[in-house]
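Engineer: Right, I'll just put the structure down here and ask away after.
The values are calculated or read from the model by the stated rules, or taken from the named source; none is laboratory data. Bear in mind the structure is a predicted one, so any value in this text is a computation, not a measurement. Reconstructed Cβ throughout: ideal geometry from the backbone, glycine too, with neighbour counts over all protein chains shown. The area values use the complete protein model at the heavy-atom level, side chains included, leaving out ligands, DNA and RNA. Shrake-Rupley method; radii C 1.70, N 1.55, O 1.52, S 1.80 Å.
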Amino acid sequence: MGDMSNSDFYAKNQRNEENHAAAFGCSVMELRSLMELRGPEAVVKLQEDYAGVEGLCKRLKTSPTEGFPGAQTDLDKRKEIFGKNLIPPKTPKTFLQLVWEALQDVTLIILEIAALISLGLSFYHPPGESNGESCGAAGGGVEDEGEADAGWIEGAAILLSVVCVVLVTAFNDWSKEKQFRGLQSRIEQEQKFQVVRGSQVIQLPVSDIVVGDIAQIKYGDLLPADGVLIQGNDLQIDESSLTGESDHVKKCVDKDPMLLSGTHVMEGSGRMVVTAVGVNSQTGIIFTLLGAGTEEEEKKEKKVKKQDGAAAMEMQPLKSAEGGESDEKEKKKRSGSKKEKSVLQGKLTKLAVQIGKAGLLMSAITVIILVLYFCIDNFVMQKNPWMPECTPIYIQYFVKFFIIGVTVLVVAVPEGLPLAVTISLAYSVKKMMKDNNLVRHLDACETMGNATAICSDKTGTLTTNRMTAVQCYIGDVHYKEIPEPGALPPKSLELLVNSISINSAYTTKILPPDKEGGLPKQVGNKTECGLLGLVMDLKRDYQPIRNQIPEEKLYKVYTFNSVRKSMSTVIKLSDGSFRMYSKGASEIVLKKCSHILNEVGESRVFRPRDKDEMVKKVIEPMACEGLRTICVAYRNFSGDPEPSWDDESSILNDLTAICVVGIEDPVRPEVPDAIKRCQRAGITVRMVTGDNINTARAIAIKCGIIHPGEDFLCIDGKEFNRRIRNEKGEVEQERIDKVWPKLRVLARSSPTDKHTLVKGIIDSTTTDQRQVVAVTGDGTNDGPALKKADVGFAMGIAGTDVAKEASDIILTDDNFSSIVKAVMWGRNVYDSISKFLQFQLTVNVVAVIVAFTGACITQDSPLKAVQMLWVNLIMDTFASLALATEPPTEALLKRKPYGRNKPLISSTMTKNILGHGVYQLVIIFTLLFVGERIFDIDSGRNAPLHSPPSEHYTIIFNTFVMMQLFNEINARKIHGERNVFDGIFRNPIFCTIVFGTFAVQIVIVQFGGKPFSCQPLNIEKWMWCVFLGLGELVWGQVIASVPNSKLRFLRRAGQLTQKDESPEEDPNEDNEEIDHAERELRRGQILWFRGLNRIQTQIRVVNAFRSSLYEGLEKPDSRSSIHNFMTHPEFRIEDSTPNIPLIDDTDDDSARRMKYSSQPSSPNKNNNAIDSGINLTIDTSKSAASSGPASPLHSLETSL
């Protein structure tokens, strides 16, 4: 286990430390003890022992601004002394362990025992020569044929086929595991981090970070290692994953510079020097401590956990909400795991259990009937006494009956079901990688097929996320395209260029294009790139300005976040006064402006009247063309007395506007088509964006989300909250139910609005099917919504680590059309399983009935145990491979989603199963009872115990297999299509399996001999068998002609009844989502509970990490890089919403916005110009704005 290697690691370190104390000025242990301190004491210790951060950097031989040169020898040395940045992963299960697990299957064990008894008995010869006569009919034919010595063959053959089945299962599990390891490493390599080495900023995989690296951290990062802050702007960290405290911790160099791995940057940016990686970081230490504990736990659990059959083994829900797979015992502790079983698995488990029970019953009845018949026939009808010397022969008969019973059971239990699901999902996941979907949780792929709603971000998903400034308003002139620099007032130009260059993340750059003639490369925040592009269009360069004022010299930075919706940077001017540059969403920044620069670059007063004018004349026209409007402004402060920078509301006020820029983010060319395909497939696409309502509407029309003339809603966050909250400010489900069905665009939405909307749609009961919602997100603040959704898509390129961790699928190209591919694959999984079911159930029904009736009428199953096992192998393992790997077709997107309550076996499938079953039974019984007359051969019925195989029964077996083969082709279509060969050659696996099975069947019949109870057949009989098999295809066409309406019965086969579905409202959701009003009152309790809850979760996550539960499968959640430890910050709603006081007495809009935008605006809202401007211009029919919610006009208000 991991901890073994860890302890060696420490021992080795102890030895290394003496040698290397000279190499670097501090040892691993010294750094570890430093990182265990927090707050002021850490600052003191840094100062005393290391002379501050600079001193620490000197000792680690690195420069705080340029990093270390990064020579390979230096890197190796650092890795040797301070360790690598990974936690040793859990060793995968070996092939033998998987074989052992496959052997745990109950039915296989029963078979093995029966085979061993049969083997043992076949070697036992009863004493005395006269046994043939004296044991009556029972002994008849035992010795006659001189075949007694071949009696062991059947037992051995059964054992051999069991070995086959086990090996195939184990191999499947093994390859599955291998795929997941691959996927795992893919996910880990995707995780990159920015570090400075040799004064170059480079992106490194997290595992390559070493002690002494200077890492650049920014909003949304998940820290990959422990470190000490060198320089930070407004940095706030969510350390709840380590401490359980939900409040964000402010970090700054002089108060609390310690940054810990596994924590999330919730705001701000900065640079840190890495001081501990891998097992030496705080998270790694916790792991090591827990190592020993989990080993003992595991041993205990092993005793507890004996598998009950393959079904149980493979059908555990693939993930639990906490991101750690909880163990059986753990499951009982926590009442119900958070995420429901995936829909399909719920239905399948239920079905498998039903079929298993039926099979058990049939096999028991078979055995009882056989035994009774034998006893009555021998001891009652013929009045034979029970002779001691005949006992072994009788026992041999009983064992034979028992084997027949078990065979019936083996055929009845569909152990291929779980296998089919797994193969189908694993295959889809592998293929989805090519379609730019990186699936982190297996069942997300299948849930996606049922999706009924997609809530998509706008920026980067529907649009290209290449921002370019196309219009601007400077010095009272609205330029429809970017002007020549000469046309602008020099003062304004100077301010504008400085403001944009300094007031943006220094990590944002525009680099020359990779290819000749390509577009310049945009690195960092795209909106900022658009503004920097504007600077370059104005023939200026931002780099010299940044070099003049490097990041260290920035006096104070207010970083962008979803509450402020603006970013400001303060610099100290040479005369000791301060200047603050601001930029942000135009309506928000303009509200705070009291002056504006005129045509000569002088500042003039900017009155509310002018603001209205500006909104109408400039901002709205820009927004209606789908542009994002950004306002750039500044403000001067005197240096004496220094302003109190923490009083944001007074600082971010009284600004002077420099210009308004219209930035265009063009719609991706493939999006309108993808959205059309979604709508055709019965999926509603909604756009949830932080952008202005007019911009959002313009883009939604371009994308085809809304069409002029339809009845739908486009509202902004404020209006949304007004409609869904009651007087107390609590969200009410029935209010949401009035809004969401028509809602298509939600603009200026906060993360809470997004979460509220998703939760509202999922919890809604207005539709007959529960809605299945997919959500896309890229920002840290999207975490709660991504977690709440049925399927969360995170952006692979633009997404923050936090968003990726909360998601189920990562879109590696950030493109909406990849989501459509995911829907296609999801539906394909569902259909593949249905195809397999249709095939499997037909075989099951037929084989069970044949074995049962055959045994009852002729005391012997027409299909022998070994033959049954072969049939079982084709129809379970091979068929699941063949049918589960059908590639998806466009036709899948032409139907509506199935929904949660649709039975697994549709009426068409029921019709097919019954129809083909009838055909096969008729053929087989005809062959069984009159076959010998048709083919003019010896009858195989009532043969004595060890008689040689008969041609008669071989023909039955062969015909049976041929019919299955051709029925497999029929099973490729489940919606009653006529052409079953359609696209058959696109699936090479299917063709290989069908032809392979056919070839093996020939070998078995011609050369199988005694073990397979087969007699070689001549070509004529072979032709008859194949001909009867081909009849299946013809019969399939006949069945397709019968209309479904004639078959009203058997509708509800594998249906999930309401009570099986886990209740929508979980008892444990109480302490997770509490209404605003109660939140204030229960804050104390909540913190208490949450503390406990967190600790439990952490223990659970770590346990899960140790023993990844899902058999034979490394969970995508049990991560092996330290970076991924505890990366499920329990996204509690409370963490993402500051508390809202019960009574809102703030009248000032900016203060209210700081409180949170999710709150309904107070009734006496001061109609700041912008507010009223926007409310009035939501619609062309102005009168609508005045109409109250009750008036009929109200619904018009937001339609186009």
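Engineer: Say R0 is 41 Å: what FRET efficiency, to the nearest 0.05, do Lys45 and Asp612 get from their beta-carbon distance?
Structural biologist: E(calc), rounded to 0.05, equals 0.10.
Engineer: Considering only protein heavy atoms, what is the solvent-accessible area of Glu805 at a probe of 1.4 Å, reported in Å² to the nearest 10?
Structural biologist: Glu805 exposes around 10 Å² with every protein chain in place.
Engineer: Expressed as a whole percent, how much of the Cα-Cα distance distribution for region 383-521 exceeds 26 Å?
Structural biologist: I get 67 percent for the Cα pairs in region 383-521 exceeding 26 Å.
Engineer: Per 0.36 nm of contour for each residue apart, how much would the distance between Phe95 and Asp938 grow if the chain were fully extended, relative to their Cα-Cα spacing?
Structural biologist: 298.8 nm
Engineer: Taking the Cα centre of each part, how many Å lie between region 656-681 and region 196-235?
Structural biologist: Here the answer is 33 Å between Cα centres.
Engineer: Okay, next question. When all C-alpha to C-alpha distances in region 819-958 are sorted into bins of 5 Å, what percent of pairs does each bin hold, rounded to whole numbers?
Structural biologist: Values per bin, smallest distances first: 2, 9, 15, 17, 15, 11, 9, 7, 6, 4, 3, 1, 0.
Engineer: Another question, if that's okay. Could you put Glu599, Glu587 in order of accessible surface area, largest first, with the 1.4 Å probe and the full protein assembly present?
Structural biologist: Reading off the accessible areas and sorting them downward yields Glu599, Glu587.
Engineer: About its Cα centre, what dipole magnitude does region 634-771 give when the only charges are +1 on Lys and Arg Cβ and -1 on Asp and Glu Cβ, stated in debye to the nearest 20?
Structural biologist: My answer is approximately 940 debye.
Engineer: Would you mind checking region 959-1001 for residues with the amide N under 16 Å from a putative spin-label position 7 Å along Cα→C-beta of Lys431?
Structural biologist: 972-974, 982-993
Engineer: Might you work out the accessible area of Tyr555 for me, using a 1.4 Å probe with all protein chains in place, and round it to the nearest 10 Å²?
Structural biologist: For Tyr555, the solvent-accessible surface is approximately 90 Å².
Engineer: While we're here: Residue by residue, what Karplus-based ³J(HN,Hα) values in Hz, rounded to whole numbers, does region 535-549 have, using 6.51, -1.76 and 1.60 with θ = phi - 60° and x for Gly and Pro?
Structural biologist: Taking θ as phi minus 60°, the curve returns 4, 5, 5, 8, 6, 10, 10, 7, 5, x, 5, 5, 5, 5, 10 Hz for region 535-549.
Engineer: Can you work out the accessible area per residue across region 815-948, with the rest of the protein chains kept in place, probe 1.4 Å, in square angstrom?
Structural biologist: Accessible area per residue: 27 Å².
Engineer: By accessible area of protein heavy atoms, probe 1.4 Å, what ranking do Glu389, Glu732 get, highest first?
Structural biologist: My answer, sorted largest first, is Glu389, Glu732.
Engineer: Sticking with this structure for a sec: With a 1.4 Å probe and all protein chains left in place, how much of the accessible area of region 486-568 comes from carbon and sulfur atoms, in whole percent?
Structural biologist: C and S atoms contribute 58 percent here.
Engineer: A further question on this structure: Output wanted: per-residue J couplings in Hz (rounded whole) for region 678-695, from phi through Karplus 6.51 cos²θ - 1.76 cosθ + 1.60, θ = phi - 60°, x for Gly and Pro.
Structural biologist: 4, 5, 5, 7, x, 10, 8, 9, 10, 9, 10, 9, x, 7, 5, 4, 5, 4
Engineer: If amide H atoms are built 1.01 Å from N in the plane of the peptide, which residues on other chains or at least 5 residues away come under 5 Å of the amide H of Gly704?
Structural biologist: For Gly704, whose amide H was placed from the backbone, there are no distant partners under 5 Å.
Engineer: Can I ask one more? May I ask you to give the percent of accessible area on region 589-721 that is carbon plus sulfur, with a probe radius of 1.4 Å?
Structural biologist: Reported share for carbon and sulfur atoms: 50 percent.
Engineer: Between region 924-995 and region 596-610, how many Å separate their Cα centres?
Structural biologist: 89
Engineer: Please report how far the C-alpha centroid of region 564-580 lies from that of region 818-848, rounded to the nearest whole angstrom.
Structural biologist: 62
Engineer: Does region 554-617 classify as rounded, prolate or oblate by the C-alpha gyration tensor (a ≥ b ≥ c root eigenvalues; a/c under 1.5 gives rounded; else a/b over b/c gives prolate, otherwise oblate)?
Structural biologist: It comes out oblate by the Cα gyration axes.
Engineer: Follow-up question, since we're still on this one. Enumerate the calculated ³J(HN,Hα) couplings along region 453-462 in order (Karplus 6.51 cos²θ - 1.76 cosθ + 1.60, θ = phi - 60°), each rounded to whole Hz, writing x wherever the residue is Gly or Pro.
Structural biologist: 8, 10, 9, 10, 5, 8, 5, x, 9, 8
Engineer: Within region 979-1047, list the chymotrypsin sites (Phe, Trp or Tyr not before Pro) lying in a DSSP loop whose Cβ has at most 11 other Cβ atoms in a 10 Å radius.
Structural biologist: Qualifying residues, ordered by number: Phe981.
Engineer: Are there any chymotrypsin sites (Phe, Trp or Tyr not before Pro) in region 364-418 that are in a DSSP loop and have at most 11 other Cβ atoms within 10 Å? List them by number.
Structural biologist: Trp386
Engineer: Next up: Which stretch or stretches of region 438-452 have amide N atoms under 14 Å from the point lying 7 Å from Ile762's Cα along the Cα→Cβ direction?
Structural biologist: Under 14 Å, as judged by backbone N against the label point of Ile762, lie 444, 447-448, 451-452 of region 438-452.
Engineer: If you keep only loop residues by DSSP, which trypsin sites (Lys or Arg not before Pro) in region 415-521 have at most 10 other Cβ atoms within 10 Å of their Cβ?
Structural biologist: The qualifying sites are Lys515.
Engineer: Based on the alpha-carbon gyration tensor of region 526-573 and its eigenvalue square roots a ≥ b ≥ c, which shape applies: rounded if a/c is under 1.5, prolate if not and a/b is larger than b/c, or oblate?
Structural biologist: Verdict is oblate for region 526-573.
Engineer: Here is a further query. Taking the simple approach of a point 7 Å from Cα along Cα-to-Cβ for both Glu642 and Arg546, what is their distance in nm?
Structural biologist: Those two pseudo-labels are separated by 2.7 nm.
Engineer: Something else about it: Quick check: at a probe of 1.4 Å, how many percent of the accessible area of region 911-1052 sits on carbon and sulfur atoms?
Structural biologist: With neighbouring chains kept in place, the figure for region 911-1052 is 69 percent.
Engineer: With a/c under 1.5 counting as rounded, go ahead and sort region 901-1042 into rounded, prolate or oblate using the C-alpha gyration tensor (a ≥ b ≥ c being the square roots of the eigenvalues; past the cut-off, prolate if a/b is larger than b/c, else oblate).
Structural biologist: prolate
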